[in-house]
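To start, the structure itself, in structure tokens.
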Amino acid sequence: MGRLGSKRRVGEEAELEAVEEEKEYEVEEVHDRLQSSRNSRLALFGSDLRLGPRRRRPPRRPAVDGEDGFFHDHIILPDNKWYLLWTKFILVWAVYSSFFTPFEFGFFRGLPDKLFVLDIVGQIAFLIDIVLKFFVAYRDPDTYRIVRNPTSIALRYCKSSFIFDLLGCFPWDIIYKACGSKEEVRYLLWIRLTRALKVTEFFRDLEKDIRVNYLFTRIVKLIVVEIYCTHTAACIFYYLATTLPESMEGNTWIGSLKLGEYSYDHFRELDLIKLYTTSLYFAIVTMATVGYGDIHAVNVREMIFVMIYVSFDMILGAYLIGNMTALIVKGSRTERFRDKMKEVIRYMNRNKLGKEIREQIKGHLRLQYESSYTEASVLQDIPISIRAKISQTLYKPYVESTPLFKGCSAEFIQQIVIRLQEEFFLPGEVILEQGSAVDQIYFVCHGALEGVGIGEDGQEETILMLEPESSFGEIAILCNIPQPYSVRVCELCRLLRLDKQSFTNILEIYFVDGRKILSNLTDNNEYGGRVKQIESDITFHIGKQEAELTLRVNSAAFYGDLNQLKGLIRAGADPKNTDYDGRSPLHLAASKGYEDVAQFLIHEGADIDLADKFGNTPLLEAVKQGHDRVATLLFGRGAKLNLENAGSHLCMAVSKGDSDFVRRALAYGADPDSKDYDHRSPLHIAAADGLYMMAKMLVDAGASVFATDRWGTTPLDEGRKSGSKPLMMLLEQAKADELSKFPARGEEVRDRMHPRRCSVFPNHPWDDGAERREGVTLWIPHTIDGLIRSAQEKLGLSGSGLRLLGEDGARVQEVDMVHDGQKLYLVGGDDGAGQS
């Protein structure tokens, strides 16, 4: 039973917490409640002060390092419910002190016993508050983290309001009496008015409380301001009158005052309430009346104060009217914040979002409000050029110092800067999650973040720390992969966001900077460890970008878009790069006949002799497509055809009758005697087909009529077979011209056409039959020494001084003396037979 009871209590407590949590985020229809009565409005104040019987339970927020309680290591957490209750208690005393201090200054010269005791109790309460402030943690405005260091807390408080708080707690009434009632001492009472800041802070928080109607809060605040100003003025008016001697009472505003039959002679003897009411009446009438009123200044001191007071009233009136106007038009920043918060909370309630995400959403909205978050709408009416200058002034130093952009051009940095958006994030928020698709790159301006990954054991582990001048999200975007790690905020962060689409568009224009960025990812020490596991992805992406860039350059050259080509190359594209077929931009420009494009590419250093996978050079492309001007340009710059298998190309062109290609090829360096696989020259084909003009073109280009194919046939032989008399005359004339220049050419041709042979025996021609031995048959070479060496080698003879003899025993000294089929004898130097 006990266990069941405990389970039931635990369930009831959990249900109660769930209900209270739901109530915490419930938007109350304050407008309906404000229409009931004045008591309902006071009830709202009581609810905010947590004084009513149904106090709203504050949300259970996680304390620093996950701990909660009034004290933690003697440090008070600022969101603790007991400390919040204490602040409301001190607020009541602050209201009392703010109103009573001017009253005491003006109407008392020494407090009555009851008021003295009450004043001492109040000062003791403020002294306790001073002591507590040395132990209250605070939220760092820069990092937005709770600071619990006692030294930091003490220094912060001492630098802010500690001196004024301490001086305000002094018993100035006792000090005044101890100093002989010196009036100068009483002026130090005004130090206590610094406690009014607690009241203004209360109204500022109340304005942001969406449970209270904003119009009602502002009106109450304005009324309190006006009442407090007139109250203080009334106290000063009476002070000016009472500080004069009694003999001069008639020279004061109240001493000379006469309302109807009633006179204020000897006003010091009147009761306190009548004196305060009269002074307050004077202050209100002076504030509201234009001109000379019922009560007016009498002496110079009063005149001077009235002038100051009236001037202040004009400013106060303008302030009141301006605030009322703002309430009517609903244009204040606070009201916009409240309206937005209401809409967000309605959305969260409708979708039943969890507590953690609720806190993050509300905290982010408060951060935007408190930090005067600059949205794009603020600058939407400013020209783009001025907005760009603003962005450069604010963000350029952060972007330039980011390692990701090291070495990038100033133009690229400028384009990045003008597209940045500023964002703030609270500690604990996860900006990017591991494995998610990334649409933004972030640059850290202020704060600290951590990169978190899942280890092999399934636990979270910190991979890296991100500090100012760092960036994240770039790996996922540049490599087109999921986010490799989660990014979580450690301190309040000010980040610069760049959308993926904008970044991609910039990289398409400044692609050289894109390659530099990818290089920075792998080369920089900061990035090397982070991207080690995805280095292959980056390498692949670099190759992909290079290929895409080459295709863009080639496309511009193919379509003759000189302006785009200039932009790409001047932005850093290499005109020497080739596509998948090994073609450079100059290949495509030459094939299309774009002389201006080809000239620009040559000027930019393109390789004019580069051959593609098919062996074609830019000059050959121009020759094939018949673009003489481009071909002349390339040939003039020293380009070569580098025509592989030139004989096959020329023979094919001759057989097709493509005289234009043959003419261009010969003009730009093709060999007219180049041969195909059958050793046939173009002149062979022209002569065989009876192509007179083609043959004349080849002959004029220096083609030889003595060239032989694999069957020993010359173009002259092919011409005889064709039966064309003009062609035969052309070839005979070419033969005569060639023999006149090269006389030995005829014999060489003859030898190639009809090779001679002889038989060589290793004995003397006069030996008898018994001494004769087997010989060898040899082709006759060009020299006699070559014939002797060949015969000696084949017959296996040794020795030196060998010579050849004819059948008649005569010595053969020249190879031209040997006729086809002749028998020769190889003998030694002593005219004997060759020795084996």
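Remark: pairs (first residue in segment 463-478, under 13 Å from residue 399 (Cα atoms); second residue hydroxyl-bearing (Ser, Thr, Tyr) and crowded, with 18+ Cβ neighbours inside 10 Å; Cβ separation under 7 Å; 6+ apart in sequence or on different chains) = 469/398; 469/402; 471/402; 471/442; 472/442. Is it true that some residue in segment 222-240 is more than 30 Å from residue 319 (Cα to Cα) and either in contact with a Lys or Arg (Cβ under 9 Å, 6 or more places away or on another chain) or not hydrophobic (A, V, I, L, M, F, W, C) (or both)? No - not one qualifying residue is present in segment 222-240.
Mind counting the residues in segment 779-830 that are farther than 11 Å from residue 765 by Cβ and either of a type in the set (Val, Ile, Thr) or assigned to a loop (DSSP other than H, G, I, E, B) (or both)? Within segment 779-830, residues that are farther than 11 Å from residue 765 by Cβ and either of a type in the set (Val, Ile, Thr) or assigned to a loop (DSSP other than H, G, I, E, B) (or both) number 25. Within segment 461-478, one or more residues are of a type in the set (S, T, N, Q) and within 13 Å of the chain's Cα centre (by Cα).
The residue that is modelled with the lowest pLDDT, among those in segment 629-640 that are in contact with a helix residue (DSSP H, G or I) (Cβ under 7 Å, 6 or more places away or on another chain) and not in a loop (DSSP other than H, G, I, E, B), is 635.
Of the residues making up segment 190-214, those that are buried (at least 16 other Cβ atoms within 10 Å of the Cβ) and more than 44 Å from the chain's Cα centre (by Cα) are 191, 192, 193, 194, 195, 196, 198, 199. Considering the conditions (1) within 15 Å of residue 631 (Cβ to Cβ); (2) assigned to a helix (DSSP H, G or I), residue 608 is excluded by exactly one of them, (2).
The set of residues in segment 695-721 that are surrounded by 18 or more Cβ atoms within 10 Å (Cβ to Cβ) and not in a loop (DSSP other than H, G, I, E, B) comprises 695, 697, 698, 699, 715, 716, 717, 718, 719. A single entry from 130, 124 fulfils the requirement of being at pLDDT 90 or above, touching a helix residue (DSSP H, G or I) at 6+ places or on another chain (Cβ under 6 Å) and assigned by TED's automatic domain parsing to the domain that holds residue 190: 130. Scanning segment 147-160 turns up at least one residue that is assigned to a loop (DSSP other than H, G, I, E, B), without any contact (Cβ under 8 Å) to a residue 60 or more places away in the chain and closer than 24 Å to residue 125 by Cα. Is it true that residue 279 is of a type in the set (Gly, Ala, Ser) and touching a Cys at 6+ places or on another chain (Cβ under 8 Å)? Answer is yes for this residue. Quick check on segment 689-712. Is at least one of its residues out of contact with any Phe, Trp or Tyr (no Cβ under 9 Å at 6 or more places or on another chain), modelled with pLDDT under 80 and under 23 Å from residue 617 (Cα atoms)? Taking every residue of segment 689-712 in turn, none turns out to be out of contact with any Phe, Trp or Tyr (no Cβ under 9 Å at 6 or more places or on another chain), modelled with pLDDT under 80 and under 23 Å from residue 617 (Cα atoms).
For residue 238, the criteria (1) surrounded by fewer than 18 Cβ atoms within 10 Å (Cβ to Cβ); (2) in a helix (DSSP H, G or I); (3) not basic (Lys, Arg) hold in every case but one, which is (1). Evaluate the following for residue 478: is it in contact with a Ser or Thr (Cβ under 6 Å, 6 or more places away or on another chain), over 17 Å from residue 409 (Cβ atoms) and assigned by TED's automatic domain parsing to the domain that holds residue 439? It is false that residue 478 is in contact with a Ser or Thr (Cβ under 6 Å, 6 or more places away or on another chain), over 17 Å from residue 409 (Cβ atoms) and assigned by TED's automatic domain parsing to the domain that holds residue 439.
Of the residues that make up segment 297-316, is at least one among the β-branched types (Val, Ile, Thr), more than 20 Å from residue 99 (Cβ to Cβ) and part of a loop (DSSP other than H, G, I, E, B)? Yes: segment 297-316 contains one or more residues that are among the β-branched types (Val, Ile, Thr), more than 20 Å from residue 99 (Cβ to Cβ) and part of a loop (DSSP other than H, G, I, E, B). Would you mind stating whether residue 473 is in contact with a Leu (Cβ under 8 Å, 6 or more places away or on another chain), in the same structural domain as residue 400 (by TED's automatic domain parsing), modelled with pLDDT of 85 or more and small (Gly, Ala, Ser)? When the stated conditions are applied, residue 473 passes them. Considering segment 251-271, and only residues there that are surrounded by 13 or more Cβ atoms within 10 Å (Cβ to Cβ) and of a type in the set (S, T, N, Q), the residue that is modelled with the lowest pLDDT turns out to be 256.
Give segment 94-110 a look and list any residue that's surrounded by fewer than 20 Cβ atoms within 10 Å (Cβ to Cβ) and in contact with a helix residue (DSSP H, G or I) (Cβ under 7 Å, 6 or more places away or on another chain), or say none. Across segment 94-110, the qualifying residues are 95, 96, 99, 103, 107, 110. Taking segment 641-694 as the range and being within 22 Å of residue 729 (Cα to Cα), assigned to a loop (DSSP other than H, G, I, E, B) and not hydroxyl-bearing (Ser, Thr, Tyr) as the test, the residues that pass are 657, 672, 673, 680, 689, 690, 691.
Could you list, in sequence order, the residues of segment 641-663 that are modelled with pLDDT of 80 or more, under 13 Å from residue 622 (Cβ atoms) and surrounded by 15 or more Cβ atoms within 10 Å (Cβ to Cβ)? Hit for segment 641-663 is 661, nothing else. When segment 466-505 is filtered for residues that are within 14 Å of residue 420 (Cα to Cα) and buried (at least 19 other Cβ atoms within 10 Å of the Cβ), the ones remaining, listed by number, are 471, 495, 496, 498, 503. When the residues of segment 610-631 are narrowed to those that are among the charged types (D, E, K, R) and under 41 Å from the mean Cα position of the chain (by Cα), which ends up surrounded by the most Cβ atoms within 10 Å (Cβ to Cβ)? The extreme case among them is 612. Residue 646 fulfils the conditions (1) touching a Gly at 6+ places or on another chain (Cβ under 7 Å); (2) within 29 Å of residue 695 (Cβ to Cβ) except for a single criterion, (1). If I go through segment 131-146 residue by residue, how many of them are crowded, with 16+ Cβ neighbours inside 10 Å and assigned to a helix (DSSP H, G or I)? Here the count works out to 1.
Please determine whether any residue of segment 215-232 is over 30 Å from residue 289 (Cα atoms) and touching a residue at least 60 places away in the same chain (Cβ under 8 Å).
Initial filter on segment 215-232 (over 30 Å from residue 289 (Cα atoms)): none.
Within segment 215-232 (the criterion being over 30 Å from residue 289 (Cα atoms) and touching a residue at least 60 places away in the same chain (Cβ under 8 Å)), the answer is no, since none of the residues qualifies.
The values are calculated or read from the model by the stated rules, or taken from the named source; none is laboratory data. Remember, it's a predicted structure, so these values are computed and weren't measured experimentally. When we count neighbours, we look across all protein chains shown, and the Cβ atoms used for this are built from the backbone with ideal geometry, even at glycine.
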